[in-house]
Structure formats: structure tokens, C-alpha cells
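Here is the structure we will look at.
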Amino acid sequence: MPARRKLKDLAIDPRFIPGVYNYCDRWCERCPLTSRCLTYAMEQEEDAADPASRDITNQAFWKRLEGILREAHEMLDEIVKERGIELPAADAEAEKAFLRRHEDAHEHPCAVAATKYGRGVGEWLEAAGPRLRARGEALERQHEMDLRSVDPEADAERLRDAVEVLQWYRHQIAVKIMRAVGGTALGDAGDDEADQSESNGSAKVALLGMDRSVAAWTELLRQMPDDEDRILPLLAALGRLRRDVEATFPAARAFVRPGFDTGEATTGAPVAAP
């Protein structure tokens, strides 16, 4: 079947939730809605032919991405021609406005604070490597001793989960905040309700990433109390950032994400609050 035909067939498949991929955190391995996601299905179609194409460090990844974009452009051209739609010429002023919004989003106080937090997480993870290994070894010894008063296997799993959560969200929080800020600027300029919803949706994804990161830090504090002086400043910075994002986007928490907030999702956050 031609690639464009596959893409069209997938796009009209009723099992997919429209727009579910617009407000996710791209953590497919942890997502309860991959079977309902068009983007995931398209990636799986490609992966079936070449498993290496999921590797971002592999040239096949970029080749696959280029192919998907090309097919999408070709499909769009077909639709435009079929429906007799005339696309307007590029607007130089609109392009300049877009670039200004992009720059403003990076300079927004919440985005600056999120970027700083992300760097702090990276520094902590790098420095904490030996301490994390020591904690893992201690849990392994507890497991070998078969102590009834502790559950080292559960603690080891929670420790791994906490570190994975911090790694996954440390950059994404800032990216989602920038997207939310950029959407707000566009909505303010054009009074476009859809653009404002985009901002609230992106802000909600950022807030959920912060919620899960707070839970992860709390778990690390429980298991690594000697790291309290190193963890608490990052946890406090994250708490302030979450408060500021909630103040900047007061409607974000109430935003209803397709699939995730409409009953289709059946599992919770990667790390539950202790």
C-alpha cells in the first residue's frame, strides 16, 4: 500500500482519539493511550520496517522523520487541489511576529526559571551518580539479607522511577512553558479562543510534569536523606515555578485534554506521591 494511502487510512481510523498527541509528554513507553494515538501508530508503521528508526542518534531516525514530513506535505497538497483551496502568500510581517513571540517566550520569567531548574537537575543527576549507585547496592544487600521489615525490591523500583521522571521532564517543562507563553501572546494579539486553549493545554502538560517531578524528588528525599541539602533547593525552585505557572495560566488545570482527561486513560502518573 502506498505510504500516502496508509497515512490517510490511519488518519480516518475511528480508534484514534483526535488531538490526543497535542497535549501529551511524548513518553510513549509510559503512556496508557498509545493504542488510541495516531502519531504513535504512524511511528510503529515505520518501526516495523526498520527498528533502528526509533533511535534518535541513528541517521534512520532523521530519514524517517523526513519521510513523514514529505508524505504529510504531499497529502496536504492533494487535499488543497481536490478542494480548490488557494493558500495565501507568505506574510513577512506575520513571520517577524512569530519570531518575536518565539524570543519573548524564551525570555519569559517562567521559562527562564524552568530552564535554570532543568540545568540544576542535570547537575544533580551527574553529581549524584555515585550516591545513587551506593543506594542501589544497599538495597541489593537488604534483598540478600531477606529482611522482613523492608521491601528493597519496591524501593529499588521507586528509585529508578524517580530518576527516570526527573530525567524525562527536566527539559520538557521549559519547552511546554515556552509553547504556552507563545500561544498566549498569539491569543492576546488575535483574541483567538483556540490559541488560548493551546496555551492552557501546554501549561497543563508542564504542570503535570512538575507534579510528577515533585513526587520524584519526595521519593529521593525519603531514600537519600543525606542529599537533603542538595535536593531541597531544587524542590523549592520547582515549587515556586509551579506556583508561578498556575498564576500565569489560571485556567490550565481545568483544561480538558482529549483522551487523558475524558475517561480513556486508565493509569496514573509514572511516580505516585508517597
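Inside segment 151-199, can you point out the residues that are more than 21 Å from the chain's Cα centre (by Cα), buried (at least 16 other Cβ atoms within 10 Å of the Cβ) and at pLDDT below 85? Pro152, Asp155, Ala185, Leu186, Gly187 - these are the residues of segment 151-199 that are more than 21 Å from the chain's Cα centre (by Cα), buried (at least 16 other Cβ atoms within 10 Å of the Cβ) and at pLDDT below 85.
Scanning segment 86-100 for residues that are of a type outside the set (A, V, I, L, M) and either modelled with pLDDT of 65 or more or loosely packed, with under 10 Cβ neighbours inside 10 Å (or both), we see that the one that is farthest from Leu238 (Cα to Cα) is Glu86. Residues in segment 244-262 that are among the charged types (D, E, K, R) and either in contact (Cβ under 8 Å) with a residue 12 or more places away in the chain or in contact with a strand residue (DSSP E or B) (Cβ under 6 Å, 6 or more places away or on another chain) (or both): Asp244, Glu246, Arg253, Arg257. When the residues of segment 202-226 are filtered to those that are buried (at least 20 other Cβ atoms within 10 Å of the Cβ) and among the hydroxyl-bearing types (Ser, Thr, Tyr), which remaining residue is farthest from the chain's Cα centre (by Cα)? Among residues in segment 202-226 that are buried (at least 20 other Cβ atoms within 10 Å of the Cβ) and among the hydroxyl-bearing types (Ser, Thr, Tyr), the one farthest from the chain's Cα centre (by Cα) is Ser213. Somewhere in segment 102-125, is a residue in contact with a Leu (Cβ under 9 Å, 6 or more places away or on another chain), modelled with pLDDT under 75, closer than 30 Å to Met178 by Cβ and surrounded by 15 or more Cβ atoms within 10 Å (Cβ to Cβ)? Within segment 102-125 (the criterion being in contact with a Leu (Cβ under 9 Å, 6 or more places away or on another chain), modelled with pLDDT under 75, closer than 30 Å to Met178 by Cβ and surrounded by 15 or more Cβ atoms within 10 Å (Cβ to Cβ)), the answer is no, since none of the residues qualifies. Taken together, the residues in segment 1-59 that are modelled with pLDDT of 80 or more, within 24 Å of Glu198 (Cα to Cα) and in a helix (DSSP H, G or I) amount to 13.
Can you tell me which of Asp261, Asp229, Asp244 is acidic (Asp, Glu), assigned to a helix (DSSP H, G or I) and within 27 Å of Gly183 (Cα to Cα)? Among Asp261, Asp229, Asp244, only Asp244 is acidic (Asp, Glu), assigned to a helix (DSSP H, G or I) and within 27 Å of Gly183 (Cα to Cα).
On the stretch given as segment 107-120, residues that are of a type in the set (A, V, I, L, M, F, W, C) and more than 25 Å from Ser199 (Cα to Cα) total 0. A search for C-beta distances below 6 Å between a residue of segment 218-243 that is of a type in the set (D, E, K, R) and any residue that is assigned to a helix (DSSP H, G or I), counting only pairs 6+ apart in sequence or on different chains, returns Glu219/Arg158; Glu219/Ala162; Arg242/Met210.
Of all residues in segment 228-243, those satisfying the criterion of being charged (D, E, K, R), surrounded by fewer than 16 Cβ atoms within 10 Å (Cβ to Cβ) and under 15 Å from Asp211 (Cβ atoms) are Arg240, Arg243.
The values are calculated or read from the model by the stated rules, or taken from the named source; none is laboratory data. Since this is a predicted model, take the numbers as computed values, not measurements. All Cβ positions, glycine included, derive from the backbone under ideal geometry; neighbour counts span all protein chains shown.
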